[in-house]
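See below for the structure under consideration.
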Amino acid sequence: MWFMRQAGRSLPEYRAVRADRGMLECCFDTETIVELTLQPVRRHHVDAAILFSDIVVPLRAAGVGLEIVAGTGPVIASPVRTRDDVHDLPALDRASVGAIEAAVTELARELSDTDVALIGFAGAPFTLASYLIEGGPSRTYQRTKALMREDPSTWNDLMGRLTNITVEFLRVQLDAGVDAVQLFDSWAGALSDAEYRTYVLPHSARVFAEVADYGAPRIHFGVGTGELLTAMADAGPEVLGVDWRVPLATAVSRVNRPVALQGNLDPTVLFAGETVVDREVARVIDDADAAIAAGAVGHIFNLGHGVLPDTDPGVLTHVVELVHSM
């Protein structure tokens with residue numbers, strides 16, 4: 001088991017490192033990346049370390065003007081909304097993520113004599129596109145959906161360029177030694193199945209296809225994607241992340257190919273007290289057993305999304321111990 005966004009702002013030692021430093025500053029500093037990646041491993045004894053980074057890091061590295069604003073999220077200086085904007089989108093130069101590459105190399109070395117896996121990740125093309133087009137986080141994705149529907153040619157050009165950036169960023173991590181990679185399509189749940197299959201699936205599938213030769217497990221995850229699980233599995237991952245809204249046994253019935261499942265404890269359960277936590281962890285494990293009996297290849301225990309900032313770290317450690325005891 002591991003926790004998505006595991007250092008995820010809940011640890012006091014994390015807050016101490018971040019006290020006077022911006023998120024992106026930390027994401028491009030090798031020493032900081034290594035430290036923040038290892039903190040949850042030391043504290044919780046999880047089975048995998050998730051690389052400390054952010055899904056917009058490769059965009060910033062490529063030269064896109066953006067900042068991560070506290071309380072808001074990524075804010076794009078010049079949104080991408082026209083064909084000319086798309087043509088001006090820069091490619092990712094491997095040298096621009098040298099600090100990340102060096103951090104992965106160091107982490108792989110430090111974890112080499114342990115049973116702890118190192119997981120790299122990247123944002124999926126659709127989620128990156130939504131930030132670029134909207135100019136920041138959105139509840140409706142109205143500009144994104146409008147471009148997608150009105151100008152499929154420009155949309156596919158944008159998605160193709162973002163796919164190239166995502167593939168290169170994952171290759172850097174894989175070359176440096178990560179054991180597995182996760183593709184976060186955080187906002188894909190805003191789409192219908194038909195829209196996803198038409199405008200997104202071909203590009204996500206290319207991401208997975210172009211890193212398949214590494215032989216590393218590939219994980220696909222999105223939020224609110226219960227109706228998209230079949231299509232997301234069709235993109236080609238070995239592991240399908242499931243958020244807390246869909247039982248794991250239901251999830252496996254929606255896929256057409258053998259996959260392992262990841263998830264899916266509701267992050268808010270961790271605030272409900274030990275009795276509830278214990279009961280809900282056991283329920284997820286039982287559901288995972290049912291999913292495996294129904295054809296899932298295996299199960300990675302995780303939350304159904306990221307750790308919430310105010311989560312008690314002691315509860316997270318308790319969940320790890322509980323899962324490992326089952």
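The values are calculated or read from the model by the stated rules, or taken from the named source; none is laboratory data. None of these values were measured; they are calculated from a predicted model. Cβ: placed from backbone, ideal geometry, glycine included. Neighbour counts: every protein chain shown.
Would you tally the residues in segment 1-30 being touching a residue at least 40 places away in the same chain (Cβ under 8 Å) and acidic (Asp, Glu)? Walk me through how you get there before you give the answer.
Just the residues of segment 1-30 that are touching a residue at least 40 places away in the same chain (Cβ under 8 Å), to begin with: 1-12, 22-24, 27-30.
With the extra rule that they be acidic (Asp, Glu), the set shrinks to 29.
Final tally of qualifying residues: 1.
So which residues in segment 51-76 are within 24 Å of Glu35 (Cβ to Cβ) and of a type in the set (Ser, Thr, Tyr), if there are any at all?
Result: Ser53, single match.
Would a scan of segment 4-11 turn up a residue that is surrounded by fewer than 19 Cβ atoms within 10 Å (Cβ to Cβ) and either within 18 Å of the chain's Cα centre (by Cα) or within 22 Å of Ala95 (Cα to Cα) (or both)? Even if it seems obvious, please write down each step before you answer.
Pass one, segment 4-11, residues surrounded by fewer than 19 Cβ atoms within 10 Å (Cβ to Cβ): 9.
Remaining after also requiring either within 18 Å of the chain's Cα centre (by Cα) or within 22 Å of Ala95 (Cα to Cα) (or both): 9.
Yes: one or more hits.
Select, from Leu92, Leu118, Leu132, Leu128, the only residue that is among the aliphatic types (A, V, I, L, M) and farther than 28 Å from Tyr199 by Cβ.
On the way: Leu92 fails: farther than 28 Å from Tyr199 by Cβ; Leu132 fails: farther than 28 Å from Tyr199 by Cβ; Leu128 fails: farther than 28 Å from Tyr199 by Cβ.
Exactly one residue qualifies, and that residue is Leu118.
Do we find that Gln182 is buried (at least 22 other Cβ atoms within 10 Å of the Cβ) and either basic (Lys, Arg) or not in a helix (DSSP H, G or I) (or both) in this structure? Don't jump to the end; show me each part of the working.
Values: buried (at least 22 other Cβ atoms within 10 Å of the Cβ): yes; either basic (Lys, Arg) or not in a helix (DSSP H, G or I) (or both): yes.
It is true that Gln182 is buried (at least 22 other Cβ atoms within 10 Å of the Cβ) and either basic (Lys, Arg) or not in a helix (DSSP H, G or I) (or both).
Based on what the data block shows, is Arg43 under 29 Å from His318 (Cα atoms) and either modelled with pLDDT under 95 or among the aromatic types (Phe, Trp, Tyr) (or both)? Write out each step before concluding.
Values: under 29 Å from His318 (Cα atoms): yes; either modelled with pLDDT under 95 or among the aromatic types (Phe, Trp, Tyr) (or both): yes.
Taking the combined requirement at face value, the residue satisfies it.
With the requirement that a residue be closer than 18 Å to Leu162 by Cβ, surrounded by 13 or more Cβ atoms within 10 Å (Cβ to Cβ) and touching a helix residue (DSSP H, G or I) at 6+ places or on another chain (Cβ under 8 Å), what does segment 84-99 give you? Lay out the reasoning, then the answer.
Let us first name the residues in segment 84-99 that are closer than 18 Å to Leu162 by Cβ, namely 84-94, 96-97.
Retained after the next criterion (residues that are surrounded by 13 or more Cβ atoms within 10 Å (Cβ to Cβ)): 85-86, 89-90, 92, 94, 96-97.
If the condition is that a residue be closer than 18 Å to Leu162 by Cβ, surrounded by 13 or more Cβ atoms within 10 Å (Cβ to Cβ) and touching a helix residue (DSSP H, G or I) at 6+ places or on another chain (Cβ under 8 Å), then Val86, Leu89, Pro90, Leu92, Arg94, Ser96, Val97 are the ones that fit.
Test Val97 against the stated conditions and say whether it is within 17 Å of Val172 (Cα to Cα) and either within 21 Å of the chain's Cα centre (by Cα) or at pLDDT below 95 (or both). Talk me through it step by step, then tell me what you get.
Numbers: within 17 Å of Val172 (Cα to Cα): yes; either within 21 Å of the chain's Cα centre (by Cα) or at pLDDT below 95 (or both): yes.
Yes: the conditions hold for Val97.
Just the residues that are hydrophobic (A, V, I, L, M, F, W, C), assigned to a helix (DSSP H, G or I) and surrounded by 18 or more Cβ atoms within 10 Å (Cβ to Cβ), please, taken from segment 119-156. Walk me through how you get there before you give the answer.
Let us first name the residues in segment 119-156 that are hydrophobic (A, V, I, L, M, F, W, C), namely 119, 121-122, 124, 126, 128-129, 132-133, 146-148, 155.
Adding the requirement that they be assigned to a helix (DSSP H, G or I) leaves 126, 128-129, 132-133, 146-148, 155.
The answer is Phe126, Leu128, Ala129, Leu132, Ile133, Leu147, Met148, Trp155.
Is it the case that some residue within segment 72-83 is touching a residue at least 60 places away in the same chain (Cβ under 8 Å), assigned to a helix (DSSP H, G or I) and crowded, with 23+ Cβ neighbours inside 10 Å?
For segment 72-83, residues touching a residue at least 60 places away in the same chain (Cβ under 8 Å), assigned to a helix (DSSP H, G or I) and crowded, with 23+ Cβ neighbours inside 10 Å: absent.
Could you run through segment 38-52 and say how many residues are farther than 17 Å from Pro12 by Cβ and of a type in the set (Val, Ile, Thr)? Before you say what the answer is, go through the steps one by one.
Filtering segment 38-52 for residues farther than 17 Å from Pro12 by Cβ gives 45-51.
Now drop any that are not of a type in the set (Val, Ile, Thr), which leaves 46, 50.
Of the residues in segment 38-52, 2 are farther than 17 Å from Pro12 by Cβ and of a type in the set (Val, Ile, Thr).
Is segment 309-323 home to any residue that is in a loop (DSSP other than H, G, I, E, B), under 20 Å from the mean Cα position of the chain (by Cα), surrounded by 15 or more Cβ atoms within 10 Å (Cβ to Cβ) and not polar (S, T, N, Q)?
The answer is no; no qualifying residue exists.
I need a count of the residues in segment 207-224 that are in contact with a Lys or Arg (Cβ under 9 Å, 6 or more places away or on another chain) and crowded, with 24+ Cβ neighbours inside 10 Å.
Summing the residues that are in contact with a Lys or Arg (Cβ under 9 Å, 6 or more places away or on another chain) and crowded, with 24+ Cβ neighbours inside 10 Å in segment 207-224 gives 1.
Among all residue pairs at least 6 apart or on different chains, which show Cβ distances below 7 Å where the first residue, located in segment 86-98, is farther than 16 Å from Ser153 by Cα and the second is outside any loop (DSSP other than H, G, I, E, B) and of a type in the set (D, E, K, R)?
Sorted first by the residue in segment 86-98, then by its partner, the pairs are Leu92/Glu168; Arg94/Glu168.
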